[in-house]
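The values are calculated or read from the model by the stated rules, or taken from the named source; none is laboratory data. Note that the structure is a prediction, hence the values are computed from the model and not measured. No Cβ is skipped: glycine too gets one built from the backbone with ideal geometry, and neighbour counts run over all protein chains shown. Just the protein is used for accessible areas: all its heavy atoms, side chains included, with ligands, DNA and RNA removed. Shrake-Rupley method; radii C 1.70, N 1.55, O 1.52, S 1.80 Å.
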Amino acid sequence: MSIVIIGAGLAGATAATELREQGYEGEIVLIGAETTPPYERPPLSKGYLLGNDAFEKALVHPEPWYAEHDIDLRLGTRATAIDRERRVVHVEPASGGESTGGGQSTEIPYEQLLLATGASSRPLHMDGVGEFLTLRSREDSTRLKEAFHAGTKVAIVGAGWIGLEVAAAAREAGSEVTVFEQAAVPLERVLGAEIGAVFADLHRGHGVDLRMSTQVTADDLKSADVRIAAIGVTPDIALAEAAGLELATREQGGGVLVDASLRTSDPRIFAIGDIANHDHPVLAVRIRVEHWDTAIEQGKAVARTLAGTDTPYERLPYFFTDQYDLGMEYVGSPGPDGYDRVDIEGETDALHGDAFRAFWVRGDAVVAAMHVNDWDASEVIRDSIGSRRAVTAEPVSAESVSTEPASTESVSTEPAPVDSGAAQ
Ligand SMILES: Cc1cc2nc3c(=O)[nH]c(=O)nc-3n(C[C@H](O)[C@H](O)[C@H](O)COP(=O)(O)OP(=O)(O)OC[C@H]3O[C@@H](n4cnc5c(N)ncnc54)[C@H](O)[C@@H]3O)c2cc1C
């Protein structure tokens with residue numbers, strides 16, 4: 001029985017790995033448009049971009065591992081169409097790349113198909129302004145690294161995760177950095193005004209010219225040596241769409257609709273990672289998560305289903321960031337209903353090394369929690385949501401969360417171990 005995986009990124013490579021770990025002995029074909037073996041992207045805006053880590057640290061496995069585990073890895077190969085009736089995937093050499101493996105075959109048959117095509121950076125074009133660089137691939141990161149020098153003027157459009165991490169890396173290289181953002185504080189949509197302000201102070205304290213509530217114009221960008229668009233990503237759903245799979249609406253968050261077990265509207269086809277709009281059985285909402293932990297854990301869960309044990313994906317969203325000396329972890333999701341209040345425990349001057357915790361509360365439940373610089377709190381923030389305690393304390397604190405009686409229903413929020421150690 002043949003399983004074909006389209007997308008040799010973190011999600012696709014993890015699924016292939018887990019299939020072998022589950023004892024699946026059938027054929028696995030892993031198709032990737034990039035010429036580099038599967039790798040983790042977080043280092044592209046952190047250790048690798050900063051010049052602290054070699055790129056190899058980001059690889060999911062060294063290249064020979066795939067052949068050693070009888071995984072037919074076809075790099076530099078783009079899937080161009082899915083014929084669901086004949087159950088074949090059409091492929092061709094990706095532009096600029098040489099295909100490896102599989103000779104000249106342009107049709108690959110499948111019994112089960114997994115889509116893990118990820119996302120692409122949203123491009124930005126402005127009249128009278130030169131090229132905007134973006135950051136998604138190894139090549140993009142190398143290009144930025146080479147551009148960041150003492151005195152280089154770097155303009156970044158967007159103060160989301162990528163914009164801020166790139167700003168930190170550029171500052172650490174000695175560049176002059178200006179960030180333009182429409183919202184009133186960085187990360188406002190995800191973290192809200194209170195915690196967004198912490199990131200604003202952190203970056204200003206490190207010398208970033210942070211221009212908030214700003215609609216950037218061509219004039220603003222005239223003097224920049226390097227312009228970077230960090231305005232989000234678009235899930236790569238063209239193949240799924242052309243194959244007639246059901247897609248999520250914009251309001252639902254976009255991507256390919258999958259059920260609790262990550263199955264698309266075609267029972268032989270699954271989707272995971274950045275493209276998957278998942279019917280989350282615990283959150284009881286549809287959610288599409290563009291994060292490292294989800295790529296890994298959905299890869300593992302879907303592999304079990306593909307290998308014959310139907311495995312609903314129940315884990316809560318988790319993500320992390322590193323900027324300057326600030327490290328943080330966040331678990332949960334307020335979802336479309338949002339939150340009533342955010343309780344902050346500790347001093348929030350992250351620029352001077354403060355450590356704190358924050359709990360987003362709706363009704364009597366913590367719906368999301370994070371810590372900044374307090375790695376001892378990793379467990380408690382996971383547990384505050386994982387155990388689904390009814391919270392009575394106001395404000396919520398690490399201690400109150402630990403002493404509230406937990407309900408019997410619990411959810412897995414433990415982040416996955418990082419093979420390469422690259423992501424943190
Ligand atoms: C710079 C950067 C930093 C990040 N930092 C963090 C972080 O700190 N914390 C965090 O939680 N998350 C972070 N993320 C997000 C995380 O990396 C993504 O959520 C994760 O990579 C998603 O994995 P994926 O396998 O779904 O998609 P991808 O990693 O995008 O992989 C998809 C692969 O599929 C290939 N592909 C697409 N279409 C085709 C086709 N038709 N044929 C063949 N191949 C195809 C693509 O070329 C790509 O290689 C970061 C992302 C970036 C870009």
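At a glance:
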{"item": "Every residue from the range 112-136 that is more than 25 Å from Thr264 (Cβ to Cβ) and surrounded by 17 or more Cβ atoms within 10 Å (Cβ to Cβ)", "result": "Leu124, Val129, Phe132, Leu133, Thr134, Leu135"}
{"item": "Of residues in the range 1-15 being more than 6 Å from the ligand (Cβ to nearest atom) and touching a Gly at 6+ places or on another chain (Cβ under 8 Å), the one most open to solvent (accessible area, probe 1.4 Å)", "result": "Met1"}
{"item": "Single match in Thr80, Thr36 (criterion: open to solvent by 60 Å² or more (accessible area, probe 1.4 Å) and within 14 Å of the ligand (Cβ to nearest atom))", "result": "Thr80"}
{"item": "Strands (runs of 3 or more DSSP E) lying entirely in the range 226-344 (those with 1 or more residues that are of a type in the set (Gly, Ala, Ser) and within 16 Å of the ligand (Cβ to nearest atom))", "result": "226-229, 269-271, 276-280, 326-332"}
{"item": "Failed condition for Thr294, given (1) open to solvent by 10 Å² or more (accessible area, probe 1.4 Å); (2) in contact with a His (Cβ under 9 Å, 6 or more places away or on another chain)", "result": "(1)"}
{"item": "Test result for Val60, more than 22 Å from the chain's Cα centre (by Cα), within 14 Å of the ligand (Cβ to nearest atom) and not hydroxyl-bearing (Ser, Thr, Tyr)", "result": "no"}
{"item": "Matching option when the condition is outside any strand (DSSP E or B), over 21 Å from Ala11 (Cβ atoms), in contact with a Pro (Cβ under 9 Å, 6 or more places away or on another chain) and more than 11 Å from the ligand (Cβ to nearest atom), among Ala150, Ala159", "result": "Ala159"}
{"item": "Residue within the range 135-146 that is of a type in the set (Gly, Ala, Ser) and away from the ligand (no atom under 15 Å from the Cβ) present", "result": "no"}
{"item": "Residue within the range 153-168 that is of a type in the set (Asp, Glu), at pLDDT 95 or above and farther than 21 Å from Val198 by Cα present", "result": "no"}
{"item": "Test: residue in the range 190-197 that is open to solvent by less than 20 Å² (accessible area, probe 1.4 Å) and assigned to a loop (DSSP other than H, G, I, E, B)", "result": "no"}
{"item": "Scan of the range 352-361 for residues that are outside any loop (DSSP other than H, G, I, E, B) and within 11 Å of Val372 (Cα to Cα), ordered by number", "result": "Phe356, Arg357, Ala358"}
{"item": "Ala284 hydrophobic (A, V, I, L, M, F, W, C) and surrounded by fewer than 23 Cβ atoms within 10 Å (Cβ to Cβ)", "result": "yes"}
{"item": "Enumeration of residues in the range 50-72 that are farther than 25 Å from Arg143 by Cβ and either of a type in the set (A, V, I, L, M, F, W, C) or at pLDDT below 95 (or both)", "result": "Trp65, Ala67, Ile71"}
{"item": "The lone exception for Leu44 - which of (1) aliphatic (A, V, I, L, M); (2) touching an Asp or Glu at 6+ places or on another chain (Cβ under 9 Å); (3) more than 10 Å from the ligand (Cβ to nearest atom) it fails", "result": "(3)"}
{"item": "Failed item in (1) of a type in the set (S, T, N, Q); (2) in a strand (DSSP E or B); (3) more than 24 Å from Trp292 (Cβ to Cβ), with Thr348 passing the rest", "result": "(2)"}
